[in-house]
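Step one of this worksheet: look at the structure below.
The values are calculated or read from the model by the stated rules, or taken from the named source; none is laboratory data. Worth saying up front: this structure is predicted, and the values here are computed from it rather than measured. Note that each Cβ is placed from the backbone with ideal geometry, even for glycine, and that neighbours are counted across all protein chains shown.
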């Protein structure tokens, strides 16, 4: 049976996809290339990975509020994440998710989500279901 | 969070996508931070203007808002941009950057937002004490709350824009009296001489306060100019939106003492360069009329050195009112630039490697944002360095 994690609904909507999980906070301005969706922040544990089509899981955002617009651009260009899961929602990421219409849940212990796992996010109910661990 | 019938209708999309999106942003932030309702704001000040700082991403969102008919409902102003179109000789910015910068400014204009292009909108219209605002630009936020006694949260670009479109903001944080109270008493031991030392105090306090509201004692009759530098620097190293100051605080608070050595260390650390500067920059935050007058007076009959750029940055509004002093500065070989500043423009592309400034905020940011070496020094020393003997 799938494990269901209960968090807080932030932005409504549902999405299913592969989890991209970071232990570090993320700044969309300067940290993610708005054209390609590749994480460019030097030394970040997701440096070089793409946010396109994934369920993006990270503790919380940091950095400039322009980051909200970067998230919007990524989604508009089709290289953005399908959903966002945070431990603690911060205004930059929340505003970005709201204007881009990306389902978002927070207050989730993301240490319980393995990078590469198949997960289902329900931004209306505030849940994250782990459907399948990373294929080995 | 309580919403009126009208606010609910906007949230449901009756007024179109632009207002619906703006309302969603306000409601979501309100819920996140425990607001009870939306309150009207007197004005909005929006950051996210310089193409150098923000790149291409925001323009796409702003364009959609314009297309959907979004227009500001309250007096709204914007932060500085990447260049001064009337000084392109002094700022030879590539055509493509200028085009993209103009596009961003035009999008704001279409939303009926005034292209003030300044970080000191309070010199254009001084908000009344007790009025509620939705301002971005951290230095203006601290100044509004602490010096002008207006009430504003430290908004980001998008949330200030949302507040401009709706004319309201959620009533959390700085909009509540209990959150504006001092939590730590900061006793300033040395007598601060001039705005640069106030800036150094701000950098130091921002680092040690960890977001708590300070009550500064020992500031001997500070000018508004001093307090501007204190607040701008405080907001750079701390997440502060407000400071208090005066004689002894009535309540027993945790005490921090700032000694002369602490500030000396800050000034040393913010001076990363040992070379002579190729630019001397004043006007972070943008100069007041009084500051421009002071700079003109300090220059006197001297000329700016060959090979040194002297930049004095302000708003068009203030420049227009400071004409006589602007002429004196320009006759000496300096430049009084509007709409922009050294930090939000392409400094390296202009050939600048070492920047001297009286602004602790600039000295804090320029090495990272502009990749230049910095020297932090008092105003008179900056002018002496810029001018021939």
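Suppose the filter is in contact with a helix residue (DSSP H, G or I) (Cβ under 7 Å, 6 or more places away or on another chain) and farther than 19 Å from residue B:50 by Cα; does residue B:315 pass it? So residue B:315 fails the test.
Can we say residue A:123 is at pLDDT 95 or above and away from chain B (no Cβ under 13 Å)? Against the criterion (at pLDDT 95 or above and away from chain B (no Cβ under 13 Å)), residue A:123 does not qualify.
When residue A:131 is tested against (1) surrounded by 21 or more Cβ atoms within 10 Å (Cβ to Cβ); (2) not in a loop (DSSP other than H, G, I, E, B), exactly one condition is not met: (1).
Scanning segment B:56-75 for residues that are within 11 Å of chain A (Cβ to nearest Cβ) and within 24 Å of the chain's Cα centre (by Cα) returns B:56, B:57, B:58, B:59, B:61, B:62. The lone criterion from (1) within 19 Å of residue B:93 (Cβ to Cβ); (2) surrounded by fewer than 16 Cβ atoms within 10 Å (Cβ to Cβ) left unmet by residue B:344 is number (2). Taken over segment A:118-128, the criterion of being under 13 Å from residue A:54 (Cβ atoms) and crowded, with 21+ Cβ neighbours inside 10 Å is satisfied by A:119, A:121.
Among the residues of segment B:364-381, the ones that are assigned to a loop (DSSP other than H, G, I, E, B) and in contact with a strand residue (DSSP E or B) (Cβ under 8 Å, 6 or more places away or on another chain) come to 3 in all.
A quick yes/no check of all residues on (1) outside any loop (DSSP other than H, G, I, E, B); (2) within 21 Å of residue B:385 (Cα to Cα); (3) touching a strand residue (DSSP E or B) at 6+ places or on another chain (Cβ under 9 Å); (4) not assigned by TED's automatic domain parsing to the domain that holds residue B:188:
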residue	(1), (2), (3), (4)
B:221	no, no, no, no
B:228	yes, no, no, no
B:235	yes, no, yes, no
B:240	no, no, yes, no
B:257	yes, no, yes, no
B:262	yes, no, no, no
B:274	no, yes, yes, yes
B:292	yes, yes, yes, yes
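Against the condition under 11 Å from the mean Cα position of the chain (by Cα), within 13 Å of another protein chain (Cβ to nearest Cβ) and closer than 25 Å to residue B:64 by Cα, how does residue A:63 come out, does it pass? So residue A:63 fails the test. Scanning segment B:100-112 finds no residues that are over 27 Å from residue B:10 (Cβ atoms), in a loop (DSSP other than H, G, I, E, B), modelled with pLDDT of 90 or more and within 14 Å of chain A (Cβ to nearest Cβ). Candidates are the residues of segment B:276-290 that are assigned to a loop (DSSP other than H, G, I, E, B) and over 16 Å from the mean Cα position of the chain (by Cα); the one that is surrounded by the fewest Cβ atoms within 10 Å (Cβ to Cβ) is B:276. Look at residue B:310 and say whether it is touching a helix residue (DSSP H, G or I) at 6+ places or on another chain (Cβ under 7 Å), in a helix (DSSP H, G or I) and within 25 Å of residue B:374 (Cβ to Cβ). Judged against the criteria, residue B:310 is not a match. Yes or no: segment A:37-53 includes at least one residue that is closer than 29 Å to residue B:170 by Cα and either in a strand (DSSP E or B) or within 10 Å of chain B (Cβ to nearest Cβ) (or both). Taking every residue of segment A:37-53 in turn, none turns out to be closer than 29 Å to residue B:170 by Cα and either in a strand (DSSP E or B) or within 10 Å of chain B (Cβ to nearest Cβ) (or both).
Here A:28, A:58 are screened, and the one residue that is under 12 Å from the mean Cα position of the chain (by Cα), within 11 Å of chain B (Cβ to nearest Cβ) and either buried (at least 24 other Cβ atoms within 10 Å of the Cβ) or under 26 Å from residue B:159 (Cα atoms) (or both) is A:28. Per the conditions (1) in a helix (DSSP H, G or I); (2) more than 14 Å from chain A (Cβ to nearest Cβ); (3) closer than 29 Å to residue B:235 by Cα, the sole criterion not satisfied by residue B:117 is (1).
Can you pull out the residues in segment B:24-55 that are away from every other protein chain (no Cβ under 12 Å) and surrounded by fewer than 21 Cβ atoms within 10 Å (Cβ to Cβ)? Within segment B:24-55, B:34, B:36, B:37, B:39, B:40, B:42 meet the criteria.
Rundown of residues vs (1) in a helix (DSSP H, G or I); (2) at pLDDT 95 or above; (3) on the phi > 0 side of the Ramachandran plot, yes/no style:
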site	(1), (2), (3)
A:79	no, yes, no
A:85	no, yes, no
A:92	yes, no, no
A:98	yes, yes, no
A:102	no, yes, no
A:108	no, yes, no
A:119	no, yes, no
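The test for being out of contact with any strand residue (DSSP E or B) (no Cβ under 8 Å at 6 or more places or on another chain), closer than 22 Å to residue B:339 by Cβ and surrounded by fewer than 24 Cβ atoms within 10 Å (Cβ to Cβ) holds for residue B:92. Does residue B:68 satisfy the condition of being at pLDDT 95 or above, crowded, with 23+ Cβ neighbours inside 10 Å and not assigned by TED's automatic domain parsing to the domain that holds residue B:335? For residue B:68, the condition - at pLDDT 95 or above, crowded, with 23+ Cβ neighbours inside 10 Å and not assigned by TED's automatic domain parsing to the domain that holds residue B:335 - is not met. When we screen A:85, A:105, A:11 for residues that are under 14 Å from the mean Cα position of the chain (by Cα), more than 14 Å from every other protein chain (Cβ to nearest Cβ) and over 21 Å from residue B:59 (Cα atoms), the only hit is A:85. The numbered conditions (1) farther than 20 Å from residue B:49 by Cα; (2) touching a strand residue (DSSP E or B) at 6+ places or on another chain (Cβ under 7 Å); (3) within 14 Å of chain B (Cβ to nearest Cβ) are all true for residue A:70 except (1).
The residues of segment B:353-373 that are surrounded by fewer than 24 Cβ atoms within 10 Å (Cβ to Cβ) and under 21 Å from residue B:226 (Cβ atoms) amount to a single one, B:365.
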